[in-house]
Amino acid sequence: MEKKLKLYTKDLNLFYGSTQALKNVTVDIEKNKVTALIGPSGCGKSTFLKTLNRMNDLVNNVKITGKVYLDGLNVYDQLDVVDLRKKVGMVFQKPNPFPMSIYENIAYGPKIHGIKSKSRLDEIVEKSLIGSALWDEVKDRLKQSALGLSGGQQQRLCIARVLAVEPEVVLMDEPTSALDPLSTLKIEDLIDELKESYTIVIVTHNMQQAGRISDNTAFFLHGQIVEYDETEKIFSMPSDKRTEDYITGRFG
């Protein structure tokens, strides 16, 4: 069966000043699949994730060479960065709700993109909260501050906020590392549901999590991809000794 690619990178290099953080990263990311990026701290996972929606543009002294494609379009040449970030949303490690109501957190993005109708915004807010498995918990308190939610709820709110602008890809940078086990499980179940409609790329330090939720896994080391394959194969029969050593906890 032919793979349906949503994103791919070719010979991607990234430098912070004179330090090279990514080295010739070439990877195919399949549509409607969960791709996990694993590897020790500082190996380039988050840096790579941020190249996919050009978040590294915000960092001084960054130089990028190589290509990143979304649906066959080069994201650095052929796509406006605002359009790109609408198509490729991002959820960060620590929940970062805006200091405003739950409703306004989610309506914020659609409003920026020109949606003014109250009924349409109501619809988007409800749909996004249902999509992030939060609706039943907050539907009676939409006017209350989002900062009053628990950490796990805040993170699902941040996912709802991303969904509200109808992206095609959702990037997640260790979205459960600040959460308790129960909230983590809720987010993992959610990721499983979301891949029906979205392509998901997740950075995780948690091997078990990568094993549970992803279809494909890329193992990063020193800014390079050592191995990239179906998750099952990476975890049961890695072809590189370094992958095996990392997964079995010999280093990292």
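The values are calculated or read from the model by the stated rules, or taken from the named source; none is laboratory data. Since this is a predicted model, take the numbers as computed values, not measurements. Neighbour counts run over all protein chains shown; Cβ positions are idealised from the backbone, glycine included.
For the criterion of being closer than 30 Å to Ile225 by Cβ, crowded, with 20+ Cβ neighbours inside 10 Å, in contact with a Cys (Cβ under 9 Å, 6 or more places away or on another chain) and touching a residue at least 40 places away in the same chain (Cβ under 8 Å), Val91 passes.
One line per residue, one yes/no per condition, for (1) touching a strand residue (DSSP E or B) at 6+ places or on another chain (Cβ under 8 Å); (2) of a type outside the set (A, V, I, L, M); (3) at pLDDT 95 or above:
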position	(1), (2), (3)
Pro181	no, yes, no
Ala210	yes, no, yes
Thr231	yes, yes, yes
Thr248	no, yes, no
Gly252	no, yes, no
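A search for C-beta distances below 6 Å between a residue of the range 214-227 that is at positive phi and any residue that is surrounded by 19 or more Cβ atoms within 10 Å (Cβ to Cβ) and not hydroxyl-bearing (Ser, Thr, Tyr), counting only pairs 6+ apart in sequence or on different chains, returns Gly223/Ala21; Gly223/Leu22; Gly223/Gly44. Within the range 97-125, the set of residues being closer than 30 Å to Asn206 by Cα and either crowded, with 18+ Cβ neighbours inside 10 Å or at pLDDT below 95 (or both) comprises Pro97, Ile102, Asn105, Ile106.
Suppose the filter is touching a strand residue (DSSP E or B) at 6+ places or on another chain (Cβ under 7 Å), surrounded by 17 or more Cβ atoms within 10 Å (Cβ to Cβ) and β-branched (Val, Ile, Thr); does Val138 pass it? I'd like the intermediate steps shown before the answer.
Numbers: touching a strand residue (DSSP E or B) at 6+ places or on another chain (Cβ under 7 Å): no; surrounded by 17 or more Cβ atoms within 10 Å (Cβ to Cβ): yes; β-branched (Val, Ile, Thr): yes.
It is false that Val138 is touching a strand residue (DSSP E or B) at 6+ places or on another chain (Cβ under 7 Å), surrounded by 17 or more Cβ atoms within 10 Å (Cβ to Cβ) and β-branched (Val, Ile, Thr).
Somewhere in the range 150-173, is a residue more than 19 Å from the chain's Cα centre (by Cα) and at pLDDT 95 or above?
Our first condition is that a residue be more than 19 Å from the chain's Cα centre (by Cα); within the range 150-173, this holds for 150.
Filter once more, keeping what is at pLDDT 95 or above: 150.
Yes, there is a match, as at least one residue in the range 150-173 is more than 19 Å from the chain's Cα centre (by Cα) and at pLDDT 95 or above.
Restricting the search to helices (runs of 4 or more DSSP H) fully inside the range 72-160 and requiring at least 2 residues that are hydrophobic (A, V, I, L, M, F, W, C) and in contact with a helix residue (DSSP H, G or I) (Cβ under 7 Å, 6 or more places away or on another chain) gives 102-112, 118-131, 135-138.
With the requirement that a residue be β-branched (Val, Ile, Thr) and surrounded by 15 or more Cβ atoms within 10 Å (Cβ to Cβ), what does the range 16-75 give you?
Passing the criteria: Val25, Val27, Ile29, Val34, Thr35, Ile38, Thr47, Thr51, Val62, Ile64, Val68, Val75.
What are the residues in the range 39-71 that are of a type in the set (A, V, I, L, M), touching a Phe, Trp or Tyr at 6+ places or on another chain (Cβ under 9 Å) and not in a strand (DSSP E or B), if any? Val59, the sole residue that qualifies.
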